[in-house]
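Here is the structure we will look at, set down as structure tokens.
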Amino acid sequence: MLIPRGLLAADPSRLQAEEVDVLVVGSGVAGLSAALAVPPGRTVCLATKDRLGHSATRYAQGGIAAVLDLVGDSVAEHVADTLAAGAGLCDPVAVQMLVEEGGQAIADLRELGVGFDPDPSGPGELARTREGGHSRSRVVHAGGDATGAELERALTEAVRATPSVHSAEHAFLVDLLTTEGRVTGALLWIDGRPRLVRAGAVVLASGGAGQLFADTTNPPLSTGDGIAAALRAGAVLADMEFVQFHPTALHVEGDPRPLISEAMRGEGAVLRDGDGTAVMAGVHPLGDLAPRDVVTRAVAARMAATGTRHLWLDATSIPADHLERRFPTILARCRAAGIDPSRQPIPVSPAAHYLMGGVVTDLDGRTSLPGLFAVGEAACTGVHGANRLASNSLLEGVVFAARIGTALAEDPHQEGPWPSGAGAGGTRVGVAGLGGPGAVENPAQLHPEVGYAPPPGDPVPAGSGDTRPERGGGVGEPLWVRDRVRRVMTDRVGVVRSGEGLAAAMAELERLTVGLGDPGPAGFEAANLVQLGRAVAELAAWREESRGGHWRSDHPAPVEAWRVRQTLTRSSDGNLETGLLAVPTAEEAHR
Ligand code: SIN
């Protein structure tokens, strides 16, 4: 393996090192909540790759699902909706816990100053709406359609007012530091230099990897850095084949593509094709509010059948003043694109939105590596199964962050237990080599190879048909690699997949490596995307069925034998090893 020159110079024993009790990586709802949940008396470093207040959370529109009204709703119904959306792969115990603790999470957020939209029905009541897959109106929101921005504002202010938490901005997670199998800190990249932070516990809250795809509602920083670093360090990942595509991103150029919240359908908007025919009529009993995977597939199928690149979301039946009040962010984005949603339908098409998979955790956020926790989109707690129920993810970030705080208080050494069954059973040796030795003290050795090696006579990967970089950077340079990953993932590993397409994707991803001659975030991000692209494609290729966010045109039905979760770990020889995790039914889980 070739080692990046700049990093090789970074002998960890000679690096300036900081020591803290807890290192939290990521400053979205999960990271901010985790930093605030650390027990008093501990020092916390909150490392964020951008600035505080600039995470993917602030793009979240719809809201937070929680049972706040035990007359018109119940824990059992929210649990049932979550399990149904998850298509048989949710962990029922984790779901029950998430929903039971949801009411307290909302109360805690209000206490911290989050300004949810009030309901005129009574003092202290919160307005609630419905989104896809919900049988009740239980999604609370803020600023109409700016829930994430309000959460981020309030939590960031709370973090700034907490003296034991100091933040490191523009701090990129290069790799986790491990000592004899335990995570003991991380190598960060700050201001063009490596910096070590040694920590008693590390909490990964670094978000998802929407940037694996060319069209995504996630900002450019969503490159799965924490998940990739955990994989390199030897942690168990699961459910990586399950990517959720949102059916209604505004059909304009943009990175990210502006989201048109599902809540708009909750308020009465209807998906139509070019003839004005309602797309979801007769497809699912919940119509436009069917679970998101169902709607996305229906949209993709109608686009394919009609040969169009987008459909229409018709919100003209919603009274203009309500539209204005409820969806100020969306209206502003549409108007900037020359569209007036109160008078004309909005052009929409699917875009990658959420990664159900991530670093496997137990109910307290512990991963398979002692000393390492994960929370939020970087984590795989089992609550989302094969398809996340709308607006469950902000809730998950808050609930599991609080549980990590409790776990840290009860057991400062965090020696386990490991998630039951993680990595067990049905081991197969995969094909996507990650290179490098096992978990070692020198994190530089864990980063992938340098240089792009096109096969003889093939100057660019097959199918690209174009040697020009799409966004700058020559062949093999970070931006070029990033664009190639996004293109192949969109074309071959997107809404509809096939064995043939996945094999082609894996072959191309195998050939992509990143030139890290001059190390920095652009190269690290591209390398992380290559690794995670391989992980998603590999597990998608094994799963010969269709379920939730994973749809195979060559295996278009769910298969009962596949009601298992797939795990992924990096073996000591650097290869990816996959395994299987049994999923109990709700009855089995509560027996
Ligand atoms: C939306 O507002 O449509 C997205 C909500 C979510 O992803 O949970």
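A short reminder: the numbers here are calculations on the coordinates, not readings from a lab. Please read all numbers here as calculations on a predicted model, not as lab measurements. Using ideal geometry, Cβ is built from the backbone for each residue, glycine included, and neighbour counts are taken over all protein chains shown.
The table that follows gives values for the structure above.
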| item | result |
| --- | --- |
| Chymotrypsin sites (Phe, Trp or Tyr not before Pro) within the range 179-266: DSSP coil, no more than 16 neighbouring Cβ in 10 Å | none |
| Rg to Rh, two decimals, where the chain supplies the alpha carbon set and Rh follows Kirkwood | 0.94 |
| Rel. contact order, % - alpha carbon contacts under 8 angstrom, at least six apart, the chain | 21 |
| Length gained when the stretch Ala561-Ala507 is fully extended (0.36 nm per residue, less Cα-Cα span) | 16.7 nm |
| Net charge of neighbours whose Cβ lies under 10 Å from the Cβ of Val29, counting Lys and Arg as +1 and Asp and Glu as -1 | -2 |
| Burial ranking of peptide ranges 64-75, 119-130 (average Cβ count within 10 Å, highest at the top) | 64-75, 119-130 |
| Table column - 3J(HN,Hα) (Hz), the range 327-332, Karplus curve with 6.51, -1.76, 1.60, x for Gly and Pro | 10, x, 5, 5, 4, 4 |
| For Val203, distant residues with modelled amide H under 5 Å away | Leu23, Val24, Val25, Phe373 |
| Helix-derived mean residue ellipticity, 222 nm - over the chain, DSSP H n ≥ 4, -39500 (n - 2.57), to 500 | -9000 deg cm²/dmol |
| Trypsin sites (Lys or Arg not before Pro) within the range 13-107: DSSP coil, no more than 15 neighbouring Cβ in 10 Å | Arg51 |
| GluC sites (Glu not before Pro) restricted to DSSP loop in the range 503-591 with at most 13 other C-beta within 10 Å | Glu544 |
| Where labels lie 7 Å past Cα in the beta-carbon direction, separation of Asp191 and Asp573 in nm | 4.5 |
| Per-peptide average of other Cβ atoms within 10 Å, ordering 17-23, 190-196 highest first | 17-23, 190-196 |
